[in-house]
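Shown next, in structure tokens, is the structure this report addresses.
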Amino acid sequence: MIPRMRAVAREHGIEMEYGGHVGNTFDSHRLIWAAREEGGSGLQDKVVEELFKAYFERNESLGERDVLGRCAAAAGMDGGGALLDDATRGADEVRREVREYGRAYGCRGVPMFVIDGKYALSGAQEPDAFLQAFDRL
């Protein structure tokens with residue numbers, strides 16, 4: 001599976017690696033939540049993109065505050081440092097979202113894709129699975 005994922009990523013200009021430490025990613029989820037609060041889905045998408053680059057391309061740990069701070073800054077987020085300095089900010093909101101998604105879509109892990117709030121795709125999926133979901137919209 002990993003060689004195929006690397007090949008597909010390379011076709012899109014992504015040099016995917018798998019040597020990084022995973023660690024606890026809760027603060028990265030708080031950062032994603034805070035990005036949406038600060039700048040809507042546009043900023044949230046930029047933060048997620050930076051997090052993916054850090055993990056998948058540079059083998060950096062998403063459990064390290066300095067990595068998260070660099071990702072927030074690279075995405076143009078102003079409040080990333082303040083969020084990381086306050087371990088309680090966004091924690092309850094993220095836990096609530098995890099519970100709600102778990103109940104609504106049977107989400108137990110990642111990746112999990114929810115399309116238009118109607119269709120849930122769990123795990124690595126072939127492009128056809130997404131196309132079928134898009135066709136049903």
Residue count, region 87-98 (criterion: assigned to a loop (DSSP other than H, G, I, E, B) and open to solvent by 60 Å² or more (accessible area, probe 1.4 Å)): 3
Residue selected from region 29-48 under the condition within 10 Å of ALA72 (Cα to Cα) and not hydrophobic (A, V, I, L, M, F, W, C), by the criterion surrounded by the fewest Cβ atoms within 10 Å (Cβ to Cβ): LYS46
Hits in region 69-93 - residues which are hydrophobic (A, V, I, L, M, F, W, C) and touching a Lys or Arg at 6+ places or on another chain (Cβ under 9 Å): CYS71, ALA74, ALA75, MET77, ALA82, LEU83, LEU84, ALA87, ALA91
Odd one out for SER61, checked against (1) open to solvent by less than 40 Å² (accessible area, probe 1.4 Å); (2) modelled with pLDDT of 95 or more: (2)
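Could you tell me how many of the residues in region 122-137 are within 19 Å of PHE52 (Cβ to Cβ) and modelled with pLDDT of 90 or more?
Taking region 122-137 as the starting set, the residues that turn out to be within 19 Å of PHE52 (Cβ to Cβ) are 122-125, 127, 130.
This time we only want the ones that are modelled with pLDDT of 90 or more, so: 130.
Of the residues in that region, 1 qualify.
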Of all residues in region 65-86 being of a type in the set (Gly, Ala, Ser) and in a loop (DSSP other than H, G, I, E, B), the one that is modelled with the highest pLDDT: GLY76
Residue within region 11-27 that is over 20 Å from SER122 (Cβ atoms), assigned to a helix (DSSP H, G or I) and open to solvent by less than 80 Å² (accessible area, probe 1.4 Å) present: yes
Selection status of GLU15, in contact with an Asp or Glu (Cβ under 9 Å, 6 or more places away or on another chain), acidic (Asp, Glu) and over 21 Å from GLY109 (Cβ atoms): yes
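Could you say whether any residue in region 45-64 is part of a helix (DSSP H, G or I), farther than 22 Å from GLY13 by Cβ and of a type outside the set (Val, Ile, Thr)?
No, region 45-64 contains no residue that is part of a helix (DSSP H, G or I), farther than 22 Å from GLY13 by Cβ and of a type outside the set (Val, Ile, Thr).
If I go through region 99-112 residue by residue, how many of them are of a type outside the set (Ser, Thr, Tyr) and open to solvent by less than 80 Å² (accessible area, probe 1.4 Å)?
Selection size over region 99-112: 7.
On the basis of being more than 12 Å from the chain's Cα centre (by Cα), part of a loop (DSSP other than H, G, I, E, B) and closer than 25 Å to LEU137 by Cβ, does ARG108 make the cut? Give the derivation first.
Numbers: more than 12 Å from the chain's Cα centre (by Cα): yes; part of a loop (DSSP other than H, G, I, E, B): yes; closer than 25 Å to LEU137 by Cβ: yes.
Criteria met by ARG108.
The values are calculated or read from the model by the stated rules, or taken from the named source; none is laboratory data. For clarity, every value in this text was computed on a predicted model and none was experimentally measured. Note: ideal-geometry Cβ built from the backbone for every residue, glycine included; neighbour counts use all protein chains shown. What goes into the accessible areas is simple: the full protein's heavy atoms, side chains included, and nothing from ligands, DNA or RNA. Shrake-Rupley method; radii C 1.70, N 1.55, O 1.52, S 1.80 Å.
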